[in-house]
Amino acid sequence: MHSQGKTMGKKGWIGRRNAAMAIARGATEAEARLIHYELSGLSDVRALRSGPFLLSGKSPEATAARRHPK
């Protein structure tokens, strides 16, 4: 699992979070819901750690340069 954290991008972790949330919502037992909500939270953390999510397709450096011109 640890090696996946380095190779999976933000979209992948967000996809995992969404899948875990869907499974949690459909679970009939409280324990299963709790486990899948926990997994979705871990996926959120990994998504945050994987770097910025760029909808524009621009690099973080270009975005920072635009926000803070010299």
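The values are calculated or read from the model by the stated rules, or taken from the named source; none is laboratory data. Small disclaimer: the values here were computed from a predicted structure and weren't measured. Note: ideal-geometry Cβ built from the backbone for every residue, glycine included; neighbour counts use all protein chains shown.
A few comments on the model shown:
- Any hit, segment 28-43, residues being β-branched (Val, Ile, Thr), surrounded by 12 or more Cβ atoms within 10 Å (Cβ to Cβ), in contact with a helix residue (DSSP H, G or I) (Cβ under 6 Å, 6 or more places away or on another chain) and in a helix (DSSP H, G or I): no
- Taking the criterion of being among the β-branched types (Val, Ile, Thr) and without any contact (Cβ under 8 Å) to a residue 24 or more places away in the chain, the residues of segment 6-43 that qualify are Thr7, Ile23, Thr28, Ile35.
- Within segment 1-23, the set of residues being modelled with pLDDT of 85 or more and surrounded by 14 or more Cβ atoms within 10 Å (Cβ to Cβ) comprises Gly12, Trp13, Ile14, Gly15, Arg16, Arg17, Ala19, Ala20, Met21, Ile23.
- Some residue of segment 53-62 being modelled with pLDDT under 85 and within 9 Å of the chain's Cα centre (by Cα): no
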